[in-house]
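Undergrad: Dropping the structure in here first, questions after.
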Amino acid sequence: MCGIVAYVGEQKAYPIIIKGLQRLEYRGYDSAGVALLENKSIEILKQAGKVSDLESYAANKNTNGHIGIGHTRWATHGVPNEINAHPHNSGDGKLAIIHNGIIENYDSLKKALQEKGHQFESDTDTEVLIHLIEDIKNHENCSLFEAVRLVLNEVIGAYAIVVIEKGTTDEFIAARKGSPLVIGVGEGEYFVASDASPIIEYTRNVVYLEDGEIARINKSEELDIKTISNVKKTPYIHELELSLDSIEKGGFSSFMLKEIFEQPKSIIDTLRGRINPTTKEITLGGILNYEQKIINADRIIIVACGTSWHAGLIGEYLFEDLSRISVEVEYASEFRYRNPIINKNDVVLAISQSGETADSLAALELAKEKGATLLGICNVVGSSIPRLTHAGSYTHAGPEIGVASTKAFTTQIIVLALMAIKMAHKKGTITISKYHEIITELELIPEKIEKILKKNDQIEKIAEKFKNATNFLYLGRGYNFPVALEGALKLKEISYIHAEGYPAAEMKHGPIALIDDNMPIVVIATKKGNYDKVVSNIQEVKARGGRLIAIVTEGDKTVKELADYCIEVPDSFDGLSPLLTNIPLQLLSYHIALMRGCNVDMPRNLAKSVTVE
Ligand code: F6R
């Protein structure tokens, strides 16, 4: 939610900031802006729309300056127009701020400032923040560093901010709580960004600012970091492993398509080093010391949102089926507010691509207070969830930039499968031969996905037939019920077609009323699992005239006679079949969205990293 970039050094700040904002656009794309500081003046340029709109607008404007801040917005307070776009000025125009997050008590702060005579131009909480900084700075007659620190003790909410001051061309102030912030450390220059992607081109040395920390970043000095309660901190420099290639489109027309096609490689990367080639023993280094805790846990409570929640459901089926450990899967946003029962002997596992999702983080905080063991499955190395949890495993999918999650989902299932199989083996709830059979199947998944990806043209042709539909129903059972949910989510978020996922057998308890000759129904009907039962459900649909697209196992004959269109996937162990059945559904959504003229990488109203509630 919102991307921020800042630069101070000897280079021209504007091109660095614009390029960085383009890399962060997945975090929000309602409006964009920059503030550049040259000599004694602050030049602010902002526009509604995407970063490219800002670039066109700024083409003939003054973009000089060796220090600057930039922002790409996902609107929370105030409509996405130019006035509400960041950066925002203080009342006297001497300060400018960019902000990612939400100031929850902004209303009362605003009223108090208005009583003192402050006037506001925008509807944003951010403008209140910069006026408050100005007010305290003038009142206390202190440095900007101190004024920001004092203000952050008064605000409630989440923030990652950078503040610049007129006349100070060698430093700015940055702070964070609840929203991510990375500082790139160069030679006589510093970079600040919401993630490392705008920074890797210039330096591999980064400092992750911790929650509640504030930094004075001066191009000629060491970083000066303290907590907002005024305790000095020593910065710890990490070396980035991210490669530049991994954040570019690499010849594909969109990040989403690239990421769909990258899945065999992402899975190989996620499996790498985790299955011994000779003994087939699974080692997940990150949870090694917690294996017994997981086995002895009363329950595993999985907390997640969106696509990651769907992966969690598959995890539940895997853990219960294979390792006989009881699992509950919770929407993090519901869990955190419903006074849940959490015991010391529970393991709370957060699944999150970004590792920054506000609700998932808050659910973990709650579980921490109750003394549960916290685990994480995340993709972004060094993000907040891995730093909060006791232990966990990364997915190694590589950066996922398309807003609709694809390779993160498949690699989350891989890690969950590794965990469940490992625990089952350790507990003895599956036989040795079953263990080896599943591992063999797991290792075959990347090449089976390659085979499915070759059906891209066939899937495109099917998409052509359904691109004008207004509703879709997705049906699946057992391990493939969560795939139906995920297929429907993918279609609605990128093509704006209403779609619902349902357990196939539940259809007759309501949704069957929707079926007529116009209703497309996507059904996952692979051979293992509840095949015969799904075939009966297909017959029920057919009898009511529904148009059927079926995902079937190679060689299937029965469903082929009933469905209008069939997409074959290779056979596999039932518990791993979601890794295969999900791929055609990703491609189907992708093609339908493209044919409807939608921007698949940046669907309307969405953002990749949901750092607000
Ligand atoms: C859907 C999608 C979202 C995310 C959700 C959780 O394609 O991407 O539903 O899955 O916002 O995000 P993470 O996994 O970063 O916690």
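Undergrad: Quick one: in the stretch 359-402, which of the residues that are in contact with a Cys (Cβ under 8 Å, 6 or more places away or on another chain) and under 16 Å from Tyr337 (Cβ atoms) is least open to solvent (accessible area, probe 1.4 Å)? Give the derivation first.
TA: Initially, the stretch 359-402 is screened for residues in contact with a Cys (Cβ under 8 Å, 6 or more places away or on another chain), giving 359-360, 385-386, 392, 394-395.
From what is left, the residues that are under 16 Å from Tyr337 (Cβ atoms) are 359-360.
Numbers: Asp359: 22, Ser360: 1 Å².
Looking at the filtered set, the residue picked out is Ser360.
Undergrad: Could you tell me which residue of the stretch 65-89 is farthest from Thr124 (Cα to Cα), considering only residues that are surrounded by fewer than 24 Cβ atoms within 10 Å (Cβ to Cβ) and of a type in the set (Gly, Ala, Ser)?
TA: Gly65
Undergrad: Answer with yes or no whether Lys608 is part of a loop (DSSP other than H, G, I, E, B), within 16 Å of the ligand (Cβ to nearest atom), basic (Lys, Arg) and within 30 Å of Leu418 (Cβ to Cβ).
TA: Details: part of a loop (DSSP other than H, G, I, E, B): yes; within 16 Å of the ligand (Cβ to nearest atom): yes; basic (Lys, Arg): yes; within 30 Å of Leu418 (Cβ to Cβ): yes.
Yes: the conditions hold for Lys608.
Undergrad: Among the numbered conditions (1) at pLDDT 95 or above; (2) crowded, with 16+ Cβ neighbours inside 10 Å, tell me where Ser229 comes up short.
TA: Of everything listed in (1) at pLDDT 95 or above; (2) crowded, with 16+ Cβ neighbours inside 10 Å, Ser229 misses just condition (2).
Undergrad: For the stretch 470-496, how many residues meet the condition of being within 21 Å of Pro570 (Cβ to Cβ) and open to solvent by 10 Å² or more (accessible area, probe 1.4 Å)?
TA: 4
Undergrad: In the stretch 476-488, is there at least one residue being outside the structural domain of Ala404 (by TED's automatic domain parsing), within 16 Å of the ligand (Cβ to nearest atom) and out of contact with any helix residue (DSSP H, G or I) (no Cβ under 7 Å at 6 or more places or on another chain)? First the steps, then the outcome.
TA: Residues of the stretch 476-488 that are outside the structural domain of Ala404 (by TED's automatic domain parsing), as a first pass: 476-488.
Filter once more, keeping what is within 16 Å of the ligand (Cβ to nearest atom): 482-488.
Pick out the ones that are also out of contact with any helix residue (DSSP H, G or I) (no Cβ under 7 Å at 6 or more places or on another chain) and you get 484, 488.
Yes, that holds for at least one residue.
Undergrad: Same structure, new question: When the stretch 156-177 is examined, which residues are found to be within 28 Å of the chain's Cα centre (by Cα) and either more than 23 Å from Leu113 (Cβ to Cβ) or open to solvent by less than 10 Å² (accessible area, probe 1.4 Å) (or both)? Please lay out each step first, then the result.
TA: From the stretch 156-177, those within 28 Å of the chain's Cα centre (by Cα) are 156-163, 173-177; that's our starting set.
Tyr159, Ala160, Ile161, Val162, Val163, Ile173, Ala174, Ala175, Arg176, listed by residue number.
Undergrad: Taking only pairs six or more apart or across chains, which ones have beta-carbon atoms under 8 Å, a first residue in the stretch 548-574 that is assigned by TED's automatic domain parsing to the domain that holds Asp516, and a second residue that is part of a strand (DSSP E or B) and charged (D, E, K, R)?
TA: Val552/Glu568; Thr553/Glu568; Glu554/Glu568; Gly555/Glu568; Asp556/Glu568; Asp564/Arg547
Undergrad: Additional query: Report yes if Gly117 is in contact with a Ser or Thr (Cβ under 7 Å, 6 or more places away or on another chain) and small (Gly, Ala, Ser), otherwise no.
TA: Numbers: in contact with a Ser or Thr (Cβ under 7 Å, 6 or more places away or on another chain): no; small (Gly, Ala, Ser): yes.
It is false that Gly117 is in contact with a Ser or Thr (Cβ under 7 Å, 6 or more places away or on another chain) and small (Gly, Ala, Ser).
Undergrad: Between Ala408, Ala424, which is open to solvent by less than 10 Å² (accessible area, probe 1.4 Å), small (Gly, Ala, Ser) and within 15 Å of the ligand (Cβ to nearest atom)?
TA: Numbers: Ala424 fails: within 15 Å of the ligand (Cβ to nearest atom).
Just one listed residue meets the conditions, Ala408.
Undergrad: Here's a follow-up. Any residue at all in the stretch 111-118 that's within 24 Å of Thr72 (Cβ to Cβ), assigned by TED's automatic domain parsing to the domain that holds Ser31, at pLDDT 95 or above and in contact with a helix residue (DSSP H, G or I) (Cβ under 7 Å, 6 or more places away or on another chain)? Explain how you work it out, then say what you get.
TA: Filtering the stretch 111-118 down to residues within 24 Å of Thr72 (Cβ to Cβ) leaves none.
No, because not a single residue in the stretch 111-118 is within 24 Å of Thr72 (Cβ to Cβ), assigned by TED's automatic domain parsing to the domain that holds Ser31, at pLDDT 95 or above and in contact with a helix residue (DSSP H, G or I) (Cβ under 7 Å, 6 or more places away or on another chain).
Undergrad: Tell me which residues, restricted to the stretch 106-120, are surrounded by 14 or more Cβ atoms within 10 Å (Cβ to Cβ) and assigned to a loop (DSSP other than H, G, I, E, B).
TA: Residues satisfying the conditions are His118, Phe120.
Undergrad: For the stretch 535-546, what are the residues that are among the hydrophobic types (A, V, I, L, M, F, W, C) and either in contact with an Asp or Glu (Cβ under 6 Å, 6 or more places away or on another chain) or open to solvent by 10 Å² or more (accessible area, probe 1.4 Å) (or both)? Step through it out loud before you land on a result.
TA: Here is the first cut: in the stretch 535-546, the ones among the hydrophobic types (A, V, I, L, M, F, W, C) are 535, 538, 541, 543.
Within the stretch 535-546, Val535, Ala543 qualify.
Undergrad: Of the residues Ile414, Ile462, which is over 25 Å from Lys608 (Cα atoms), in contact (Cβ under 8 Å) with a residue 40 or more places away in the chain and not small (Gly, Ala, Ser)?
TA: Numbers: Ile414 fails: over 25 Å from Lys608 (Cα atoms).
Only one candidate qualifies: Ile462.
Undergrad: OK, next. Exactly one of these conditions fails for Asp123: (1) at pLDDT below 95; (2) part of a loop (DSSP other than H, G, I, E, B); (3) surrounded by 18 or more Cβ atoms within 10 Å (Cβ to Cβ). Give me its number.
TA: (3)
Undergrad: Can you give me the number of residues within the stretch 497-523 that are under 22 Å from Ile583 (Cβ atoms) and either without any contact (Cβ under 8 Å) to a residue 60 or more places away in the chain or open to solvent by 70 Å² or more (accessible area, probe 1.4 Å) (or both)? Walk me through how you get there before you give the answer.
TA: Step one: filter the stretch 497-523 for residues under 22 Å from Ile583 (Cβ atoms), giving 497, 499-504, 520-523.
Now drop any that are not either without any contact (Cβ under 8 Å) to a residue 60 or more places away in the chain or open to solvent by 70 Å² or more (accessible area, probe 1.4 Å) (or both), which leaves 499-504, 520-521, 523.
Within the stretch 497-523, residues that are under 22 Å from Ile583 (Cβ atoms) and either without any contact (Cβ under 8 Å) to a residue 60 or more places away in the chain or open to solvent by 70 Å² or more (accessible area, probe 1.4 Å) (or both) number 9.
Undergrad: Report yes if some residue within the stretch 538-551 is out of contact with any helix residue (DSSP H, G or I) (no Cβ under 8 Å at 6 or more places or on another chain), aliphatic (A, V, I, L, M) and more than 16 Å from the ligand (Cβ to nearest atom); otherwise report no.
TA: yes
Undergrad: Related question: Among the candidates Ile445, Ile459, which residue alone is outside the structural domain of Thr357 (by TED's automatic domain parsing) and open to solvent by less than 60 Å² (accessible area, probe 1.4 Å)? Quick ask: steps written out before the conclusion?
TA: Values: Ile445 fails: outside the structural domain of Thr357 (by TED's automatic domain parsing).
Exactly one of Ile445, Ile459 is outside the structural domain of Thr357 (by TED's automatic domain parsing) and open to solvent by less than 60 Å² (accessible area, probe 1.4 Å), namely Ile459.
Undergrad: With the requirement that a residue be out of contact with any strand residue (DSSP E or B) (no Cβ under 9 Å at 6 or more places or on another chain) and open to solvent by 20 Å² or more (accessible area, probe 1.4 Å), what does the stretch 307-332 give you?
TA: Matches in the stretch 307-332: Asp321, Arg324.
Undergrad: Only residues in the stretch 29-53 that are assigned to a loop (DSSP other than H, G, I, E, B) count as the first member; pair them with residues that are open to solvent by 50 Å² or more (accessible area, probe 1.4 Å), Cβ under 8 angstrom, at least 6 apart or cross-chain, and list the lot.
TA: Taking only residues 6 or more apart or on different chains, the pairs are Tyr29/Lys50; Tyr29/Trp74; Asp30/Trp74; Asp30/Pro80; Asn39/Thr169; Lys40/Lys166.
Undergrad: Oh, and also: Filtering the stretch 333-353 down to residues that are open to solvent by 10 Å² or more (accessible area, probe 1.4 Å) and among the hydroxyl-bearing types (Ser, Thr, Tyr), which residue is modelled with the lowest pLDDT?
TA: Top of the filtered list is Tyr337.
Undergrad: Now for a separate question. Tell me, which strands (runs of 3 or more DSSP E) lie completely within the stretch 263-367 with 2 or more residues that are within 13 Å of the ligand (Cβ to nearest atom)? Full working, then the answer.
TA: Numbers: elements: 299-304, 327-331, 346-352.
Hits in the stretch 263-367: 299-304, 346-352.
Undergrad: Return only the number of the condition from (1) over 26 Å from Gln292 (Cα atoms); (2) within 14 Å of the ligand (Cβ to nearest atom) that Ser384 does not satisfy.
TA: With respect to (1) over 26 Å from Gln292 (Cα atoms); (2) within 14 Å of the ligand (Cβ to nearest atom), Ser384 is out only on (1).
The values are calculated or read from the model by the stated rules, or taken from the named source; none is laboratory data. Given the structure is predicted, the values throughout are model-derived calculations rather than measurements. Every residue, glycine as well, gets a Cβ built from its backbone with ideal geometry; the counts of neighbours run over all protein chains shown. Heads up: the accessible areas ignore ligands, DNA and RNA and are worked out on the full protein's heavy atoms, side chains in. Shrake-Rupley method; radii C 1.70, N 1.55, O 1.52, S 1.80 Å.
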